[in-house]
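Structure first, then comments.
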Amino acid sequence: MSQLQGILTRLKNLQDQAKETEQAQRFFEVDGVRVCQVTFFNKTETFELEVFNDKSKSSKYQFDNIDMIAIEIFDLLLP
C-alpha cells in the first residue's frame, strides 16, 4: 500500500469517527514529530488542516475534498 493510500484510509476513518461525535481529530507525524493535525467536521463535511511550523504560528486550511487534503498531507510528510 502506498503512503497516499494510507493517508486516504486514515481520513476515511476520521470521517466515520466523526459521525458519532460530530468532529474528530488525527495527527500526522514524521519521525515522531507532529507535522499537522486534521479535524473533520461532520456537520459541514469539511476538513481543517493545521500545519505546525517550527518557529511561527500554525497555519490552518479548509478542504471540502478528501483527495485534495490527502495530497496536501502527502506533500507535508515527504522528507
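Observations, loosely collected:
- Checking Glu22 against (1) modelled with pLDDT of 95 or more; (2) touching a strand residue (DSSP E or B) at 6+ places or on another chain (Cβ under 9 Å), the condition it does not meet: (1)
- Residue among Glu29, Glu48 that is under 22 Å from Leu4 (Cβ atoms) and touching a Ser or Thr at 6+ places or on another chain (Cβ under 7 Å): Glu48
- Tally, over the range 1-59, of residues that are touching a Phe, Trp or Tyr at 6+ places or on another chain (Cβ under 6 Å) and among the hydroxyl-bearing types (Ser, Thr, Tyr): 1
- Scanning the range 53-74 for residues that are surrounded by fewer than 11 Cβ atoms within 10 Å (Cβ to Cβ), of a type in the set (D, E, K, R) and modelled with pLDDT of 95 or more yields a single hit, Asp64.
- Inclusion of Glu29 among residues that are on the phi < 0 side of the Ramachandran plot, open to solvent by less than 80 Å² (accessible area, probe 1.4 Å), without any contact (Cβ under 8 Å) to a residue 60 or more places away in the chain and out of contact with any helix residue (DSSP H, G or I) (no Cβ under 8 Å at 6 or more places or on another chain) is not warranted.
The values are calculated or read from the model by the stated rules, or taken from the named source; none is laboratory data. Just so it is clear, the structure is predicted and the values come from calculations on it, not from any experiment. Cβ sites come from the backbone with ideal geometry, for glycine too, and all protein chains shown count toward neighbours. Only protein heavy atoms, including side chains, enter the accessible area calculation; ligands, DNA and RNA are left aside. Shrake-Rupley method; radii C 1.70, N 1.55, O 1.52, S 1.80 Å.
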